[in-house]
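Q: Sharing a structure here in structure tokens format.
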Amino acid sequence: MYVRAITRRGRYRKWLVAGLIAFVVLVQVFPVLWRPLAAIIEMWTDIKHPVVKVDDVLLMAISTKQPRVRQRQREPVVYKDLPPMTSSARHVSPVDARQSSRRVRNPPSVGSIRGSQAPARDLTSIHHKWNPVSPPNGYSSNCSTQAPLHKRLHCLTDDTAAYFSKTFNWICFIDGTARVTSADGCVCRKAWFGSMCSIPKAVHVSNYPDEYGLGAMTIPRRIIYAFPFANEFDLLETRLHELSGSVDVYVILESNYTASGQPKELRLLQRMRDGFLRELQSKIVYVLLDYFPLDGHADGWAVDALLRNYIGYDGFSRIRNIRDDDLIISTDADEIPTRSALVFLKVHYGYPEPIGFNLRHNVFGFFFRSPDTGNSHVFGACSVAMLKWIFDGYLYRLRRATKHMTDNPRLVNEYKYKAGGRIHTWSFGSAALPSGWHCSWCFRPEGIRFKMLAAHVSDMPRWGAFPSKLALGYIRNTIELGLWFDDETRLVATNTNDTELYAPEYTRNHAEKFRHILRVPFRSQKDSI
């Protein structure tokens, strides 16, 4: 009896061990077996629902699959002076109908907002992805300029400006052509190249892949320029005037929280209400972000991701008539590409994407450069089709385009072979010839102090954590001596003889107004540009 009991226990023990081994094997083998099965299912789905391509000139495709808005259900924030938006205020789209059971927050009344009133919210399950179907609830249903700035829609129209002219049967780019002869065709101005004189020097010296050709667009693309704003008023005015002829709409985000989570006033909105940039406000989609992510106190890059993704979620959704071949430009508020670079993207087709910019890295003003390389590089341009296909509507992924495409080869192949997209990373300009300016810390001393305190927690070193660095006298002395905040690194003086690349044309034409970022302030000598 005793022997049988021991035998039975040993048998149970064997079955238990065998079961554990089978479970481990199943866990390890199942993902390997699932991949080919998923590929077969995906192939069958593609056969049942093929993608329809559009005109080869555009080299894009219409995605019949609408991105889903994945947003956590949350209680609406109610402001006393904001009347509730009725359901009849705008057309309800199919996406809105599917989400009718959700409670969507109405946009706040801007006049009553101060940072202390906006609650922080957890973003671990909130995904701010651009939904190209319709704007979020509570916004104007038409493109009237009478709507409040933070609720206004923008209707894109075709650019009717003349970029090319035809003379002696030669088609020439107007800005890049000096003259046209019947024998030689287009004779290019200095720093312009190509048979049509439409290739700026920033492309001519770039790493543009030779295997891709170029053609002139019959109808120019529309450019949507998006960026978050904190306190960069001088660079904002410069950018909007410098690029006004090439950009069709600006999407500008402002929050009543700094990147470090401190409350602040909506200074840009108030100044726009007072008439700031009045002549360009019809081209501005103002986006208001009225909360701060809870994980932003520990991870500053979560704040950066929220700012950029919310631009797409709120800002792009308020732009009507977007086409897949339209261009998205996204940089920081202190990064300004040249007008010639944007016009090149606007009037040509056939170039690959995503596209980066080599920018001159200025510090404190256009008079100093970074001592490392003097330049900075950012990925900041792609088509609307690429934003939808590869980046899934998330603008933050464009900023990290190389890593995202490396991690998602299937999306890259889908866009290349299904949508006819051309994928090859390249960038305007070079180390010797930048294609714009990254003017970092380009403020008066008060603005520099504000930026020190407003920097997010992952922006190291945090100069705002050193009380001695916050003194305005220390900041003035640092700029005058041409030193960095470590009190050791000496900045490099910019060559003032290179007039066109020294600073944007608008800034140079208003030298007295922007004197503090064109000439080293607090010095006795008077430098001229």
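Q: Looking at the structure I just gave you, is Ala162 open to solvent by 10 Å² or more (accessible area, probe 1.4 Å), of a type in the set (Gly, Ala, Ser), out of contact with any Gly (no Cβ under 7 Å at 6 or more places or on another chain) and without any contact (Cβ under 8 Å) to a residue 24 or more places away in the chain?
A: Values: open to solvent by 10 Å² or more (accessible area, probe 1.4 Å): yes; of a type in the set (Gly, Ala, Ser): yes; out of contact with any Gly (no Cβ under 7 Å at 6 or more places or on another chain): yes; without any contact (Cβ under 8 Å) to a residue 24 or more places away in the chain: yes.
When the stated conditions are applied, Ala162 passes them.
Q: Still on this structure, I have one more. Scan the range 472-492 and give yes if some residue there is under 30 Å from Thr402 (Cα atoms), without any contact (Cβ under 8 Å) to a residue 40 or more places away in the chain and surrounded by 13 or more Cβ atoms within 10 Å (Cβ to Cβ), otherwise no.
A: no
Q: Among the residues in the range 374-381, are any within 16 Å of the chain's Cα centre (by Cα), modelled with pLDDT of 95 or more and of a type outside the set (S, T, N, Q)?
A: yes
Okay, residues lined up against (1) over 29 Å from Arg239 (Cβ atoms); (2) not acidic (Asp, Glu):
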{"residue": "Ser468", "(1), (2)": "yes, yes"}
{"residue": "Ala471", "(1), (2)": "yes, yes"}
{"residue": "Trp484", "(1), (2)": "no, yes"}
{"residue": "Glu488", "(1), (2)": "yes, no"}
{"residue": "Leu501", "(1), (2)": "no, yes"}
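Q: Take the conditions in contact with a Pro (Cβ under 7 Å, 6 or more places away or on another chain) and of a type outside the set (A, V, I, L, M, F, W, C) and apply them to Arg462. Does it pass?
A: Numbers: in contact with a Pro (Cβ under 7 Å, 6 or more places away or on another chain): no; of a type outside the set (A, V, I, L, M, F, W, C): yes.
Here the answer is no, as Arg462 does not meet what is asked.
Q: If the requirement is being at pLDDT below 95, closer than 21 Å to His377 by Cβ and open to solvent by 40 Å² or more (accessible area, probe 1.4 Å), which of these qualifies: Met460, Met405?
A: Met460
Q: Another one. Select from the range 165-192 the residues that are under 29 Å from the mean Cα position of the chain (by Cα) and part of a strand (DSSP E or B) and list them in ascending order.
A: Correct list: Phe173, Trp192.
Q: Is it the case that some residue within the range 231-245 is open to solvent by 30 Å² or more (accessible area, probe 1.4 Å) and either part of a strand (DSSP E or B) or small (Gly, Ala, Ser) (or both)?
A: For the range 231-245, residues open to solvent by 30 Å² or more (accessible area, probe 1.4 Å) and either part of a strand (DSSP E or B) or small (Gly, Ala, Ser) (or both): present.
Q: Follow-up question, since we're still on this one. Condition check: modelled with pLDDT of 90 or more, open to solvent by 20 Å² or more (accessible area, probe 1.4 Å), out of contact with any Lys or Arg (no Cβ under 6 Å at 6 or more places or on another chain) and not charged (D, E, K, R). Does Leu411 satisfy that?
A: Values: modelled with pLDDT of 90 or more: yes; open to solvent by 20 Å² or more (accessible area, probe 1.4 Å): yes; out of contact with any Lys or Arg (no Cβ under 6 Å at 6 or more places or on another chain): yes; not charged (D, E, K, R): yes.
Yes, satisfied.
Q: Okay, moving on. Scan the range 423-437 residue by residue and report those that are within 20 Å of the chain's Cα centre (by Cα) and open to solvent by 30 Å² or more (accessible area, probe 1.4 Å). Quick ask: steps written out before the conclusion?
A: Kept after step one, since they are within 20 Å of the chain's Cα centre (by Cα), are these residues of the range 423-437: 423-429, 434-437.
Passing the criteria: His424, Thr425.
Q: Could you tell me how many of the residues in the range 199-223 are in contact with a Leu (Cβ under 7 Å, 6 or more places away or on another chain), among the hydrophobic types (A, V, I, L, M, F, W, C) and not in a loop (DSSP other than H, G, I, E, B)?
A: 2
Q: Still on this structure, I have one more. When you check Asp304 against the structure, is it under 29 Å from Arg422 (Cβ atoms) and modelled with pLDDT of 95 or more, yes or no?
A: In short, no.
Q: Can I ask one more? Quick one: what pairs do we get from the range 493-516, first residue in a loop (DSSP other than H, G, I, E, B), second among the hydroxyl-bearing types (Ser, Thr, Tyr) and open to solvent by 60 Å² or more (accessible area, probe 1.4 Å), C-beta under 9 Å, 6+ apart or different chains?
A: Thr496/Ser528; Ala511/Ser528
Q: Let me ask something else about it. Of all residues in the range 252-302, which are out of contact with any strand residue (DSSP E or B) (no Cβ under 7 Å at 6 or more places or on another chain), part of a helix (DSSP H, G or I) and free of Cβ contacts under 8 Å to residues at least 40 places away in the same chain?
A: Passing the criteria: Arg267, Gln270, Arg271, Arg278, Glu279.
Q: Please find, among Ile311, Ile328, Ile336, the residue that is surrounded by 24 or more Cβ atoms within 10 Å (Cβ to Cβ) and more than 18 Å from Ala230 (Cα to Cα).
A: Ile328
The values are calculated or read from the model by the stated rules, or taken from the named source; none is laboratory data. Everything quoted here is computed from the prediction, not taken from an experiment. Cβ sites come from the backbone with ideal geometry, for glycine too, and all protein chains shown count toward neighbours. Just so you know, the surface numbers come from the protein's heavy atoms only, side chains and all, with ligands and any DNA or RNA stripped out. Shrake-Rupley method; radii C 1.70, N 1.55, O 1.52, S 1.80 Å.
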